[in-house]
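Heads up, the thing below is written out as structure tokens.
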Amino acid sequence: MGTRNPVTWLGSPAFPEAARTALADTQLRRNLRNATTTIRGRRRDAVGELPDWEQLRRAGEAIKDDVLHHLDRYLEQLEEAVTARGGVVHWARDAAEANEIVLRLCGDAREVVKVKSMATQEIGLNEALAEAGVHAVETDLAELIVQLGDDRPSHILVPAIHRNRSEIREIFRAAGLDPASDEPRVLAEAARAHLRRKFLSCEVAISGANFAVAGTGSVVVLESEGNGRMCLTLPRKLITVMGLEKVVPTWQDLEVFLQLLPRSSTAERMNPYTSVWTGVTPGDGPEEFHLVLLDNGRTATLADPVGRQALRCIRCSACLNVCPVYERTGGQSYGSVYPGPIGAILTPQLVDDPHDKQAASLPYASSLCGACFEVCPVRIDIPSVLTHLRAQAVEAKGRSAESVAMAAAAWVFASASRYEKAQKLGSLARLFARDGRISWLPGPGAAWTSSRDAPVPAREPFREWWRKNRG
Amino acid sequence: MASARAEILGRVRDALRDKPTAPPVPRDYVRSGEASVELLAERVAHYRATVHVVAEPDVVPLLGELLAGKRIVVPDGLAWDVPGMTALRDPLTVAELDAADGALTGCAVAIAQTGTIVLDGGPGQGRRALTLLPDHHVCVVRADQIAGTVPEALERLDPLRPLTFVSGPSATSDIELDRVEGVHGPRRLEVLIIR
Amino acid sequence: MKKVALFATCLTDTLFPATARATVRLLERLGCTVDFPLDQTCCGQVHFNTGYRAHAVDLAERFASVFAGQDAVVVPSGSCAGMVRHVQPDLGTVPPPTYELSEFLVDVLGVTDVGAYFPHRVTFHPTCHSLRMLGAGDKPLALLREVRGLELVELPQAEQCCGFGGTFAVKNADTSTAMLADKMRCVLDTGAEVLTAGDNSCLMHIGGGLSRLRTGVRPVHLAEILASTEEEPWAPETR
Ligand code: SF4
């Protein structure tokens, strides 16, 4: 359909620039430091409690790989099973098509309730519905905070993680909810009161899905607050938008993910509520169930043998919480609904346009420290995918000052004698030294010396010493 | 519509032209675990739910104590007849459910390791809304319903039924990633485990 | 007697020769015969990590031929050892058995007490690639604990990345600096006079920050501490 993929926000600057702004936001820095520090420790405890954590991770990885390798078969199975149980399956090639389908299914409804879902954020569903006069009410507390604050999400699990309690109270006040204090319990109460009537009266609900079982057609949503249960059971019609890759082969496979996901995301043994439904159950829950299967760049991602592992992601957000870059820049710097390490590898692949400068900057938003890989419950080797995508970005960019410098360096390193000449030439940097330090370098060196002294090149490289003493 | 389906499946097959293979799924993780009343009680209490461990003959008297004088939603097929409370039975509107003081149910399975109870809409549990709208959920678990681990629990469950896994009262971690209880679902969860 | 080949790494060869000299001294003291193939240059890590894969392949091939036939290559750098051992095979080359220095000492030579003497208050930064790619764990700490005179202070939040990350340090200089600031704060909190690590690249970054702010904390590579003895104690290099 040729329209841009709304997975990135129009007009977002490239990562380094966006990060510069975020790094100067002192409140943001403090909020993120507090939140990520808390959750890291709790995740470590929750995971440490299971002696078979590594086995579970390996099983999770293998199940997801099997899914990806036979995705066509599992999707067909899923469609058949859902249909057999009274559900209707729809296929959407991209965001625009998915939005159209959902809008059509909303029928006459002017207001719909929504459970937090990354897929619907990715396709910009709320905006598309609003344009057609349908108001989508976010019912997850953090989503509600973002929606009421006319803000953007900054985390895949806790979209308002960049806000602290007093900021949230202000947002609620401005929106006419009136929390008596900034106690989290009181703020949660205010959200409860605000949404109660909508739950009881809405005719249509929209959700995402954490998993869908190909063999049985069962769809699974994990949540905490009960807003999910409200949306999944009370309205007459339920529309679920799900990325293609969320399918798992069998009911038994969930025994792995129902252990991996809660401990990795909210660091609990189990999240408060998990709902499982299969098609339509007469007398219990919605009378109509629609499942929208979303591609929107996923098949393009699947086509990359290295990059496809990003589709194993179960959106737990553990990689965000441990990421030293994310902790400092926050999620909005990534310019996408998928921030952090997973965003850095997933967003550019979903965008699938190597000339999109903002998306191409994301794989560089990492020091490659590997903390993300260490915690990922489905063992996505994020650092390897990052370097892989960097190679693609380099190829797409063609000749640049950097590529010339890199080629020159490679040429120097290709011969020991050229390398030794360069060492001698490089020792000219000694000219910049004052009192045994170099605090300023010209050109590209300036990015280094803006905050760090540079080492003064030695009078004698090691190899000279070796020649004299051991050669 | 058919064309989107065909096109997506075609793209998937194209994307997999390299015929990737993966080793079989290793299932060497722990399958079974302690299925004790004590462990379940400890783990449920950890979520700040109220837990009572009782002997069979004490169930009805205790329920009577807890629910006396209250308007309690009761699903069909509940094994306990509790004196002193007003039992509300389907058909009930959402407004009636919302106005009830609580709901009393059994469960299908409980998971000791994670402190979870699972409802499957069977006898004594009812449709999902019954345990959702009332602000207080009292759930009775029999010892033989306790599974040790998540894998053991899933084995006992039928995915074709509507399932709700409940681990503690409704909660949120959305404010500063700190868990607080009580949002949309029942704010009080009370679990009676029969020894 | 164990024969080893030293891969000094281009960074250490050029900018931190004292580390390479110390590595030679240390290994020889422990009874090894050290060779330094003069044809060596660079493992290709910067090229690979920045996305210049073709150059990285060339350099990996070059590395494999320069070190072909060696029983053991020892590298005083966790990230370069990681590049050789974990990345180069994916680039289609077959590197010889390669060890980061502390791994070689503890796993191959089987020593933790290397007879070192270093009378200073020291804190240790584990560096991400040693920790996560190589899984070197607390081998460096085991070595440091046996050094006479050395007062080892635990670094708070030691496992957090320092923010170097190769070209990340200049491509995302602001974020890198923010990470550096927190790492420096942790280092300063220890009251150590020396910060050590198994990788001169991270030390160059953290040390560059410590120097800029005149903190009075000096970066010293692990090899230099382990090479230091009562007879021949470590002394800062004059440049
Ligand atoms: S990449 Fe892994 S750690 Fe990150 S959100 Fe996805 S599953 Fe979780």
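The values are calculated or read from the model by the stated rules, or taken from the named source; none is laboratory data. The model shown is predicted, which means the values in this text are computed figures rather than measured ones. Every residue, glycine as well, gets a Cβ built from its backbone with ideal geometry; the counts of neighbours run over all protein chains shown.
Against the list (1) at pLDDT below 95; (2) within 8 Å of chain A (Cβ to nearest Cβ), the condition C:Gln40 fails is (1). Which of the residues that make up segment C:56-82 are crowded, with 24+ Cβ neighbours inside 10 Å and assigned to a helix (DSSP H, G or I)? C:Ala56, C:Leu59, C:Ala60, C:Phe63, C:Gly78, C:Ser79, C:Cys80, C:Ala81, C:Gly82, listed by residue number.
Please count how many residues of segment A:167-193 are buried (at least 18 other Cβ atoms within 10 Å of the Cβ) and within 9 Å of another protein chain (Cβ to nearest Cβ). Residues that pass the stated criteria total 7. The set of residues from segment A:254-273 being away from the ligand (no atom under 15 Å from the Cβ), over 13 Å from B:Gly115 (Cα atoms) and either buried (at least 24 other Cβ atoms within 10 Å of the Cβ) or not assigned by TED's automatic domain parsing to the domain that holds A:Leu222 (or both) comprises just one member, A:Leu254. Against the numbered list (1) at the interface with another protein chain (Cβ under 9 Å from one of its Cβ atoms); (2) within 26 Å of A:Ala46 (Cβ to Cβ); (3) not aromatic (Phe, Trp, Tyr), A:Arg196 comes up short only at (2). Checked against (1) touching a strand residue (DSSP E or B) at 6+ places or on another chain (Cβ under 6 Å); (2) more than 10 Å from chain B (Cβ to nearest Cβ), A:Gly217 passes all but condition (2).
Residues are listed down the side, and each one gets a yes or a no for (1) more than 16 Å from the ligand (Cβ to nearest atom); (2) free of Cβ contacts under 8 Å to residues at least 60 places away in the same chain; (3) in a strand (DSSP E or B):
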position	(1), (2), (3)
A:Pro286	yes, no, no
A:Phe289	yes, no, yes
A:Leu293	yes, no, yes
A:Asn296	yes, no, no
A:Thr301	no, yes, no
A:Pro305	yes, yes, no
A:Leu311	no, no, no
A:Arg315	no, no, no
A:Cys319	no, no, no
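Given the criteria basic (Lys, Arg), in contact (Cβ under 8 Å) with a residue 40 or more places away in the chain and touching a Phe, Trp or Tyr at 6+ places or on another chain (Cβ under 6 Å), does A:Arg229 qualify? Spelling it out, A:Arg229 is indeed basic (Lys, Arg), in contact (Cβ under 8 Å) with a residue 40 or more places away in the chain and touching a Phe, Trp or Tyr at 6+ places or on another chain (Cβ under 6 Å). Please state which one of B:Gly121, B:Gly126, B:Gly168, B:Gly185 is under 25 Å from A:Cys202 (Cβ atoms), part of a loop (DSSP other than H, G, I, E, B), facing chain A (nearest Cβ under 7 Å) and touching a Pro at 6+ places or on another chain (Cβ under 6 Å). Only one candidate passes the filter, namely B:Gly121. Might you check whether a residue that is within 19 Å of the chain's Cα centre (by Cα), assigned by TED's automatic domain parsing to the domain that holds A:Gln259 and hydroxyl-bearing (Ser, Thr, Tyr) occurs anywhere in segment A:3-11? The answer is no, given that none of the residues of segment A:3-11 is within 19 Å of the chain's Cα centre (by Cα), assigned by TED's automatic domain parsing to the domain that holds A:Gln259 and hydroxyl-bearing (Ser, Thr, Tyr). Every test in (1) more than 11 Å from chain A (Cβ to nearest Cβ); (2) under 12 Å from C:Gln88 (Cα atoms) is passed by C:Val57 save one, and that test is (1).
Taking segment C:12-41 as the range and being more than 19 Å from A:Arg467 (Cβ to Cβ) and hydrophobic (A, V, I, L, M, F, W, C) as the test, the residues that pass are C:Leu26, C:Leu30, C:Cys32. If you go through segment A:321-334 and keep only what is polar (S, T, N, Q) and either within 13 Å of the ligand (Cβ to nearest atom) or without any contact (Cβ under 8 Å) to a residue 12 or more places away in the chain (or both), you end up with just A:Asn321. Looking at the structure I just gave you, is A:Glu183 closer than 30 Å to A:Arg73 by Cα and free of Cβ contacts under 8 Å to residues at least 24 places away in the same chain? Answer is no for this residue. Scan segment A:336-357 for residues that are within 14 Å of chain C (Cβ to nearest Cβ) and more than 9 Å from the ligand (Cβ to nearest atom) and the total you get is 5.
Listed conditions (1) surrounded by fewer than 16 Cβ atoms within 10 Å (Cβ to Cβ); (2) within 14 Å of chain A (Cβ to nearest Cβ); (3) more than 27 Å from A:Lys198 (Cβ to Cβ) are all met by B:Val109, apart from (1). Screening segment C:162-191 for residues that are at positive phi and facing chain A (nearest Cβ under 7 Å) and picking the one that is surrounded by the fewest Cβ atoms within 10 Å (Cβ to Cβ) gives C:Gly165. Put simply, of A:Leu144, A:Leu129, A:Leu157, A:Leu105 the only residue that is within 16 Å of the ligand (Cβ to nearest atom) and either on the phi > 0 side of the Ramachandran plot or not polar (S, T, N, Q) (or both) is A:Leu157. Within segment A:328-363, track down each residue that is part of a helix (DSSP H, G or I) and of a type in the set (Ser, Thr, Tyr). Of everything in segment A:328-363, those that are part of a helix (DSSP H, G or I) and of a type in the set (Ser, Thr, Tyr) turn out to be A:Thr329, A:Ser333, A:Tyr334, A:Thr347, A:Ser361. Taken over segment C:4-16, the criterion of being in contact (Cβ under 8 Å) with a residue 40 or more places away in the chain and either part of a helix (DSSP H, G or I) or more than 18 Å from C:Phe63 (Cα to Cα) (or both) is satisfied by C:Leu11, C:Thr12, C:Leu15, C:Phe16. Restricting attention to segment A:364-382, the residues that are within 14 Å of the ligand (Cβ to nearest atom) and part of a helix (DSSP H, G or I) add up to 6.
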